[in-house]
Amino acid sequence: MKMANKLKYCLYCGAGYEKKNSGADEDDYFCSHHCELRYVDGKDGVPFKVISTHEEMVQLAIDLGVRDSWHEPDEQDIKAVTRGGILDNAGFWGDEYRFKHRDYEWSKESNMEMWVDIIQGDVKVAEINLAMLLAWASGFKG
């Protein structure tokens, strides 16, 4: 996959990306510290989707090919990892936010709101705030 010019640093650790190997058609880029995250096409130079609306979550399910109930997502090799330390949805969460504010004490993962990484295979494809998921599950429409 081609890496967007905007993304030059790993969103997990801040290290620079390096080319793993040169292929005939594509180059794969990996974190030079060998974080698990591989670059995939996303928006605004982010290597994964940052889900912030219910409609985006529905579209993610369609894109991943999971059932609308999310029953047995392992059939599409989907995993989820919960991260962060505070259950809230004020907007201070996720790797994109953490990377943009990495020089601040409060950007440490344990000081941030909880979020869920959605992983397909070994590639992070999306992240979503956990409190927002709970709000949608209980009927919140905003």
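The values are calculated or read from the model by the stated rules, or taken from the named source; none is laboratory data. This is a predicted model, so every value here is computed, not measured. With ideal geometry, Cβ positions are generated from the backbone for all residues, glycine too; neighbour counts draw on all protein chains shown.
Data overview
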read-out	value
Output for the range 64-98, where each listed residue is part of a helix (DSSP H, G or I) and closer than 19 Å to residue 130 by Cβ	64, 73, 94, 95, 96, 97, 98
Only one of 127, 109 that is under 17 Å from residue 56 (Cα atoms), surrounded by 11 or more Cβ atoms within 10 Å (Cβ to Cβ), modelled with pLDDT under 95 and in contact with a helix residue (DSSP H, G or I) (Cβ under 7 Å, 6 or more places away or on another chain)	127
Filtered residues of the range 64-85 (kept if loosely packed, with under 15 Cβ neighbours inside 10 Å and either of a type in the set (Val, Ile, Thr) or without any contact (Cβ under 8 Å) to a residue 24 or more places away in the chain (or both))	65, 67, 68, 69, 70, 71, 72, 74, 75, 81, 82
Checklist (1) in contact with a Gly (Cβ under 7 Å, 6 or more places away or on another chain); (2) surrounded by fewer than 18 Cβ atoms within 10 Å (Cβ to Cβ); (3) acidic (Asp, Glu) applied to residue 103, failing item	(1)
